[in-house]
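Quick note: the coordinates plus some simple rules give every number you see, no bench work behind them. All of these numbers come straight from a predicted model, not from anything done at the bench. A quick note on method: Cβ atoms are made from the backbone with ideal geometry, for glycine too, and the neighbour counts reach across all protein chains shown.
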Amino acid sequence: MEHNHNEDPFANIPRAEAWSLVVGQAGSIAVYVALAFLVLSGILYLISGKVPKAEKFATISFVIGSISIFVPFGCLLALFIKDQFQYEYVFSHGDSLTELKYKIAGVWTAQEGSFLLWACATSLFGLLTIGGSGLYRRTYGTVFALILSALCGILAYESPFDLLKDVVQKGEVLMPPRGNGMTPSLQNYWVVIHPPTIFLGFGALTIFFAYAVAALVHKNAKDWITYCRPWSLATLAILGLGLSMGGLWAYETQGWGGFWAWDPVENVSLVPWLLMATLIHGIIVQNVRGRWAASNLIMGGLPFLSFVYGTFLTRSGLLDKVSVHSFASMDRNALGILRGFLIFLVVGFIALCIWRAKSVAKETVKPIDPENGISRENSYRFGMMVLSMLGLVIAVGMSWPVIAALRGGQGARVEEWLYHQVVVWFFIPLMLLMGAAPFVSWREMGAKALFGRIANVLSLSIGLTGFTFIGLMDGPFGVRSHAESTVRNPMGGTWPLIPVLGLLMFLCWFVAVTGAWRAIELAKKWKMSVGGFVSHLGFAVLIGGLILSRGMEKKQQSFVQSGSPASALDYVVSFKKLEGKDLFDRDSKAVFEFKDPAGRTFDATPGLYYYEQGEELKTQVWPFVKSSPTHDVYVALFPPVTDVWDMPKTFKPKEKRTVDQITVEYLEPTSNGTTGVGAKFGAKMRITTRTGTFDVEPQMQVTEGGIQPLLTPVGTEFFAVLGRMDAATRAVDLKLMFQKPLYPLEVFYKPMTSLVWIGTGILTIGGLMSAFARRRRHSKAPAPLSPVEV
Amino acid sequence: MSMKLGPLISGVVAATALSAVVIAFTTGASPYVTIQQAKASTGDRLHLAGDIVKSTVQNDVYTQTLTFQVIDSNGDRIKVKHKGEKPANLSEATKVVAVGKIENGEFQSSELIVKCPSKYEAEKK
């Protein structure tokens, strides 16, 4: 090879501009700056008990440290937007040709970025709450600074600012012109909005942990409730929105036609949501009755701890076999910090609770005497128990692979059906309580009196359940068509589906009607509580949608070829065309016509495009969803099949062999005599397929660009293509291709998915309404306890 | 006495519920098995994890049956048969978890969980 020592082999590759290196440096230095200020702030807060002057400096240091965490985020964002592919993280997840929104989202598509997002969200809430932490500031600040410091420590090792290997040449930094780009299956608008939303919720969890610790340390179990109440409501709303968005994202893009798969990564966000909901109800009881102060202190810490635990579990590689979200292995040191941090927090918190929770609660909160029998407090007790148990059960379920592995063997996985069987036992009492408890008074009441209050709602719910089923009765997808369907029951047998669905629908209606009823009632006299009941309504609508769309789902696989329509469910599906600039266009679609028995048609247009990764050509498919208020028709397309066999088959001259019901007889090799460019080599073959026997002679031609195979039709179904011919034995590699590609489709009919969207909206609005209603007014003293009968 | 009745009932209910759940998970969770264990097991939701032997992947288009060999962590091999469409990202996968049961010495898979190194992260260079 020619090699000129004087010539720069990298002369044609652009150099990275100086600013970009400064930005990268600034980003990684800022992490250390933040770490230094936060550690300092923690120490200053800690000593401010003895040296009151230190508190002011502690707060200044806290603010500087927290703001510094946004610097690496900003730097990384700038590097993505300006296509600085000399950085490994930007190279791996960014591309100059993608839209701006994906360049922005590139920041959080991988491990390093998601920790950065967590750290930013946490510091945002630190900045928002430190000023209002009042008499708890010393400890609140210490705990918050400690947590942020640990996150900075993780970021220091999980840095997104490392340069690519080999880009530094002779003191200069080369800049690759393009990056790998975000994984195509992530490129969807949800990647832009879902992670920031859910991490905002995760970040906020720190507030309650820090307040609970501070309340224990300061021996004041009373005021922290008032301080964190509005934040707890907002957090629940944001987390709920984030969770729902995750489900909708999966539904719209994953192609398995569902919202929730009980994947560990999903469960990690569901558990804190359930525990937050528990805490919020505990706060209500403490506020009204002055009771449960001790258990609230414990509940305050659990949402955050469960999230840190879940993060560790999913990032540690312990669940590698189980999750569809495979993360790259984390940096060893960063994982060590996370593990140490988790153990320290859990052990420390448990010890603190055992040591003090009871006595602190007793000393500072004066409870009203308990009511026996049916009372609001007892309903809340059972409700909270069910909620927190559900959280615990799901946490155990997601840890099961690890737990089972400890008992020997390779572990085991809790699958969707098992989650459903277990969760339903908690779901039924939970929904009954959500339906009845809002009508229970704080004072003890008799069963008769309660029944009197809920009779209307109960009968209305039963009636509405009936109407739901009448509405869903007929048609090929209706209740009648499910008459034979069963579900697995927890005792090992099966139950008929329709009565089970009937019960679940009744429960949803019960909660929805109660929620709406109470919201309307209270809109007149006690506006602050309306939001909570609106949330209950939203929850019931969302769950109702999930149950109906999954429970009454119908699905069928089908294979469609151009010119040969196939049937799927009750539709006749025919391939129409490919649409788009070319096959590499991200907006390319495959167009299929769906005709129902009445002859009505619509076009389904699932996405289909190809991209190159390294040497390989890869396929990206997106499902198509035809939504209507009553049902979705969900069409999942799988990569079109063009090759009859996955691998070419080798045949020797005179060989006759049947592969996958296609018989090939290699009669003799042929050639056209010339050598060099233009020469052709071929193989006379007799191929028998389902449609007949064909004598063909597939060939290869020597061209200036190399040896090119020629497509040779075999009847009207296949092409024969020669891959390679052995010069000595004349053995050939034969590939059979479809003349018209085969499109594998899975078609789902899913009733009432619209409720999932509507429920998400109502749930979020309700949560934000109550957070707003309970916001702290600008008064010096915390709001007084208000035992109001609501 | 009656003052403590609420918490007491709660405690008993919680403990019972939790033990029931642990029993349910213990008996119901789908085990990850080696090929050797799979052959000795009658379960129908066995999870067999292993490396796909790329050169053995065959896709019969007439019957839509996918077959390939898997090597488990012990180095044993077994033929896996999967009916239905191929997972979308099979071509880029190296590892697979096949869910199913043993039938006639073959692993009949009803579900293939494909692990792609590039799902969330490009492979580290």
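Over all directions, average the projected area of the Cα convex hull of region A:1-117 and note it in nm².
Numbers: hull surface 43.4 nm².
Spelled out: convex hull of the Cα atoms, projected over all directions, averaged, 10.8 nm².
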*asked:* Please state the shape class of region A:280-430: rounded when a/c is under 1.5, otherwise prolate if a/b exceeds b/c and oblate if not, all from the C-alpha gyration tensor.
replied: oblate
*Order of A:227, A:87 under a 10 Å beta carbon neighbour criterion, fewest first*: A:227, A:87
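Report the Rg/Rh value for region A:64-209, based on alpha-carbon coordinates and the Kirkwood definition of Rh. The partial results should precede the final answer.
Values: Rg = 17.0 Å, Rh = 16.3 Å.
Reported Rg/Rh (Cα atoms, Kirkwood Rh): 1.05.
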*For B:25-38, what's the mean count of beta carbons from other chains sitting within 10 Å of each residue's beta carbon?*
5
*Arrange A:231, A:108, A:260 by Cβ neighbour counts within 10 Å, fewest through most, would you?*
A:260, A:231, A:108
_Largest to smallest principal axis extent of the C-alpha atoms in the protein assembly as shown, angstrom_ = 104, 78, 52
*Specify which residue in the list B:35, A:337, A:20 is farthest towards the positive end of the charge dipole of the protein assembly as shown, using unit charges on the beta carbon of Lys, Arg (+1) and Asp, Glu (-1), about the Cα centre.*
A:337
*What are the principal axis extents of the Cα atoms in region A:558-706, in Å, biggest first?*
68, 36, 22
_Placing +1 on the Cβ of each Lys and Arg and -1 on the Cβ of each Asp and Glu in region A:653-730, which of A:702, A:682, A:728 has its Cα farthest towards the positive end of the resulting dipole?_
A:728
*Size of the dipole of the protein assembly as shown about the Cα centre, Lys and Arg at +1 and Asp and Glu at -1 on the beta carbon, nothing else charged, in debye to 20?*
3620 debye
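Can you compute the equivalent ellipsoid semi-axes for region A:681-730, i.e. the square root of 5 times each eigenvalue of the Cα gyration tensor, sorted largest first and rounded to whole Å? Don't skip to the answer; put the middle values down first.
Numbers: eigenvalues 103, 33, 9 Å².
Values for region A:681-730, descending: 23, 13, 7 Å.
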*Taking the mean number of other Cβ atoms within 10 Å as a proxy for protection, how do you rank A:393-401, A:598-606 from highest to lowest?*
A:393-401, A:598-606
*Among A:533, A:370, A:221, whose Cα lies farthest out toward the positive end of the dipole of chain A, if unit charges sit on the beta carbon of Lys, Arg (+1) and Asp, Glu (-1)?*
A:370
*Could you give the alpha-carbon Rg of region A:428-515 over 2.2 N^0.38 Å, rounded to two decimals?*
1.31
*asked:* Report D for region B:32-115 in µm² per second (integer): Stokes-Einstein, Kirkwood Rh on Cα pairs, 25 °C, 0.890 mPa s.
replied: 196 µm²/s
*Taking one equal scatterer on every alpha-carbon of region B:20-74, how large is log10 of I(q)/I(0) by Debye at q = 0.12, 0.13, 0.23 1/Å?*
-0.42, -0.48, -0.95
*asked:* Just to be sure I understand the model, the point goes 7 Å from the Cα along the line to the Cβ. What's the resulting residue A:729 to residue A:611 distance in nm?
replied: 4.1 nm
*Rounded to the nearest 500 deg cm²/dmol, what is the calculated helix-only ellipticity per residue at 222 nm for the protein assembly as shown, with -39500 (n - 2.57) per DSSP H run of length n ≥ 4?*
-16000 deg cm²/dmol
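As a footprinting exposure proxy, order A:377, A:252, A:612, A:416 by other Cβ within 10 Å, with the fewest listed first.
A:612, A:416, A:252, A:377
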*Quote to one decimal, in nm, the extra length available between residue A:663 and residue A:567 on full extension: 0.36 nm per residue of separation minus the C-alpha distance between them.*
31.7 nm
*For region A:635-790, what is the largest minus smallest coordinate of the Cα atoms on each principal axis, given in angstrom and ordered from greatest to least?*
101, 37, 21
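What average number of partner chain Cβ atoms lie no more than 10 Å from the Cβ of the residues making up A:395-407? Don't skip to the answer; put the middle values down first.
Numbers: counts 0, 4, 4, 0, 1, 6, 3, 0, 4, 6, 1, 0, 1.
Counting Cβ atoms of other protein chains within 10 Å of each residue's Cβ and averaging gives 2.
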*At most 12 other Cβ within 10 Å, DSSP loop - chymotrypsin sites (Phe, Trp or Tyr not before Pro), region A:539-588*: A:584
